[in-house]
1. Measuring from label point to label point, each 7 Å out along Cα→Cβ, what is the GLU674 to ILE450 span in nm?
2. Provide the packing ranking of 109-120, 433-444, 570-581, i.e. peptides ordered by the mean count of other C-beta atoms within 10 Å per residue, highest first.
3. Using the heavy atoms of the protein chains and a 1.4 angstrom probe, tell me the accessible area per residue for region 92-228 in square angstrom.
4. Lys/Arg Cβ at +1, Asp/Glu Cβ at -1, dipole of region 239-343 taken about the Cα centre: which of SER293, GLY332, GLN251 is farthest positive-ward?
5. Full extension from ARG521 to SER844: what is 0.36 nm times the residue separation minus their Cα-Cα distance, to one decimal in nm?
6. Only Lys, Arg, Asp and Glu count, each charged at its Cβ (+1, +1, -1, -1), so figure out the dipole size of region 660-706 about its Cα centre, rounded to 20 debye.
7. With θ set to phi - 60° and the Karplus curve 6.51 cos²θ - 1.76 cosθ + 1.60, what are the ³J(HN,Hα) couplings of region 190-202 in order, to the nearest whole Hz, using x for Gly and Pro?
8. Between GLU250 and ALA754, how many nm apart are label points set 7 Å from Cα along the C-beta direction?
Amino acid sequence: MRAFHKLVMQLRMLILRRTAAERLDDELQFHLEQLIDENIARGMSAEEAKHAAMRSFGNPAALRDQARATWSWNSLEQMMRDVRIGMRTLARTPGFAIVSILVIAIGIGANVALFTMVQSVLLKPLPFNHPDRLLMLHGVNGRFKFEPVAAGDFYDWQRQSHSFEQMAIWRWSGFNMTGNKGELPEFLNTATGSWNIFSAFGVQPVLGRDFSPDDDRIGAPKTAIIAWNFFHRRFHGDPSIVGKSIRLNEQLYTVIGVLPRSFSYPDPLIQLWVPYHLDNPADSLQSHFNHTSNVIALLKPGASAERATEELNAVQYQIHQNLYATGVVHDGVSSRSLLDDMVGDVRTPLYILLAAVGCLLLIACLNISNLMVARAAVRRKEMAIRAALGSSRLRLCREQVTESLLICLIGGALGLLLAIAATRWLTTRWTDMPRADSIHLDATVIAFAIGITFLSGMLAGLLPALSATGRGLLAALQDASRTVGSSTSRTSLRKSLLTIEIALTVILLVCGGLLFKSFVRLRSIDLGCTTRNVLTMQYFLHNAKYQKPEEIVAFHTQLLERVRRLPGVEAAGLTSVVPGDGHYGDNLFTIREHPPLPTGQHVFALNRSVDPGYFSTIQIPLIRGRFFSEDERMDRDKYVIIDQKFANDFFPNEDPIGKHLRVKWQSTIGEDYEIIGVVGNTRYALKAELRPMMYFPILSGIHSRTSDVTLVLRTQGDPELIALPVQKEITQLDPELPISRIRTMQQIIGESTADSSFSATLVLAFAVLSLVLAAVGLYGVLAYLVTQRTTEIGIRIALGAQRDQMMGLVLVDGLRPALIGVAIGILGSLGAVRLIRSALFGTSPLDTSVFVTVIATLLLVAAAACALPAWKASRLDPMQTLRTE
């Protein structure tokens with residue numbers, strides 16, 4: 001009960017504090033009046049009685065403070081008093097307050113936005129059961145450690161491993177969906193997975209049922225499970241779609257389930273899933289050479305990933321020993337967590353950006369700290385008077401730290417709003433960001449925002465507070481008005497803070513410059529073909545409708561005839577994939593005229609299928625021989641064109657024309673193709689090295705390599721204007737054939753460089769913003785120093801110093817911290833660039849031009865920031881300066 005009564009008394013004291021304070025004042029006034037009355041009764045005059053009572057009673061303010069010190073909630077009251085003092089102080093200097101708040105808001109907002117991305121993408125567990133036990137399994141082939149897996153390997157692993165609770169396989173696919181009731185046909189990005197793919201994740205459909213083993217077998221009824229976004233977009237969220245049929249590639253598939261909204265693996269673009277056996281040829285299901293799939297595995301409780309991988313390596317070793325002589329078989333297995341597999345490509349860019357915004361926030365704090373040191377110097381006499389009246393150093397420091405905390409709290413609130421907008425912008429602009437649907441502010445992000453806000457407030461305010469209330473504070477009462485705040489120690493502090501600020505800016509500028517130069521190098525890579533006024537669009541002729549080679553060739557031929565007659569079309573061609581748009585596929589081959597390769601040794605080349613007009617359309621030069629002719633189609637297709645890289649690698653000292661390549665397209669022994677031409681090299685991806693490439697006739701009609709087609713058009717003007725007329729021509733040929741991925745070559749290049757461009761631009765923007773802050777800080781320091789040295793400068797000029805000498809003196813004084821900061825920053829950059837080495841392309845981490853440009857830019861900016869205060873110092877009137885003193 002005693003504790004309860006004590007708590008009640010404390011709460012009453014908190015709620016009725018103002019009333020208690022008024023009662024205390026009334027009581028003190030009553031006792032003072034009593035003493036006055038007693039003195040008057042002794043014969044003193046009213047004035048003498050009051051003075052005598054005051055001497056006897058003591059200082060009412062001090063007594064009031066002593067009495068209030070015994071109350072509860074004093075810390076809260078002192079904090080509120082400090083807050084009120086801080087608010088009044090900031091209100092007296094609105095310019096300083098606004099600038100400081102904006103600076104810290106930008107720093108905190110950028111940090112919260114990037115931390116939201118890092119936490120949501122890299123740190124947050126995957127939304128599956130037992131995400132820490134989910135592994136991605138890959139094949140190992142020499143130096144390539146993360147290769148796709150062959151189905152035959154997967155089924156052997158599944159049968160012979162003992163460390164996994166489940167193992168599932170999936171691969172990318174695509175279907176043409178026929179429209180119903182006037183709906184347009186649509187190409188769907190899909191995935192095919194083994195029957196246990198969702199149970200491995202611990203995910204169940206929200207409507208309908210999961211796949212069963214009976215669904216995932218050859219000859220089973222065709223079933224599909226659709227994604228949540230496709231369910232709402234195409235079927236308007238109607239649950240009756242479960243159990244109904246949809247037409248995919250001219251065949252009916254029964255929708256048996258709808259996936260939950262939270263499931264977006266491996267990509268939100270996946271619209272539906274079908275069983276693995278339904279979308280893979282029977283012969284490929286047992287093949288150990290067709291490496292096109294991905295394997296997910298769930299470890300058993302207590303099993304280690306290392307031990308499980310060793311177990312699979314033993315299995316794969318036996319597979320390799322048995323089959324390496326007949327084809328390419330992986331010689332090992334590698335594994336990594338599913339999270340690492342999903343986010344590996346963005347981990348480094350995200351951490352680079354987080355480090356950049358961390359430097360930006362530190363620079364912002366240093367800038368505010370510098371401003372507060374200047375304000376503390378101006379208020380030094382005020383602080384001295386308050387100290388003389390009895391204020392402790394702790395109280396004076398607390399007030400100044402409270403002021404910086406107020407700045408950071410207001411800036412943090414504004415920064416949180418900026419972070420919300422910035423996060424949305426980052427999510428939409430970073431198009432290939434994995435787990436983008438999981439990026440949002442949560443309790444962890446809010447806690448991080450609060451933490452860095454208070455940390456920034458302490459960092460920005462503590463050092464100036466300690467400097468302003470240090471030794472010699474009372475000596476400020478003896479200073480003349482023109483010399484207040486001219487302490488050498490405080491001047492050195494401001495210069496030191498500025499030096500650190502400039503050093504951090506140099507590091508940011510160097511990293512941003514290297515990333516930007518890397519991006520420029522990437523964009524300037526020659527793909528080996530024209531990219532101007534070129535439009536591409538894809539379509540897929542599925543074998544349910546186009547079963548015969550004659551039907552495939554007839555469609556391709558009619559389409560080319562139609563689009564070549566369209567106004568504005570200069571040339572048109574067909575290919576399986578255009579340069580810069582990905583790997584697509586490669587094939588083993590042998591050269592008939594060369595000796596057989598040693599057992600187990602194989603050579604590969606990328607393969608492309610093209611029509612006779614493709615090379616001239618996209619302007620790939622002919623180096624030797626000829627292009628395909630219109631006659632080389634159907635069963636007269638045994639011709640091949642190679643690129644210069646292929647010729648250099650495999651025919652270094654001989655003419656390849658007339659030689660023959662044996663490729664296993666249609667049989668296990670392979671077919672011979674005569675080399676009729678050599679063309680220029682093209683890159684399958686901007687960042688990829690050149691690889692040998694071979695081109696086959698697309699008019700052969702072989703479904704496996706001529707039905708997935710990219711139409712390429714070179715136009716006279718804007719290529720996008722021709723897209724609609726071309727689509728109309730395709731619709732007239734086949735109303736149920738959807739068109740996908742309509743892009744110009746410039747857009748393909750832009751997609752390839754989007755991530756590099758985005759991260760480089762952001763880091764460079766942060767660096768430029770830091771440069772501006774450093775320039776402002778340098779100008780502020782020098783302007784302050786000139787103000788403090790006005791008397792000295794006036795005396796120097798009066799004694800005969802030349803004005804250009806004074807300007808040089810001030811410039812040197814201002815540039816000294818800049819030069820020291822640049823030197824420290826260069827040393828720091830040497831370590832920082834090692835962290836971004838993997839993000840660079842075609843650029844050395846120690847690129848001399850970048851370092852020289854950064855040094856020159858920062859020194860020019862520093863000189864410009866110092867020029868105005870130096871010029872003002874040289875124009876001082878010595879007589880007027882001395883007269884004011």
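The values are calculated or read from the model by the stated rules, or taken from the named source; none is laboratory data. Source: prediction; values computed, not measured. Ideal geometry is used to build each Cβ from the backbone, glycine not excepted, and the neighbour counts take in all protein chains shown. Ligands, DNA and RNA are excluded from the accessible area calculation, which covers all protein heavy atoms including side chains. Shrake-Rupley method; radii C 1.70, N 1.55, O 1.52, S 1.80 Å.
1. 8.0 nm
2. Most protected by this proxy first, the peptides run 109-120, 570-581, 433-444.
3. Heavy-atom accessible area per residue stands at 40 Å².
4. GLN251
5. 115.1 nm
6. I would put it at about 260 debye.
7. 10, 9, 10, x, 5, 4, 9, 4, 7, 5, 4, 7, x
8. Each label point is offset 7 Å from its Cα along the Cβ direction, giving 3.4 nm.
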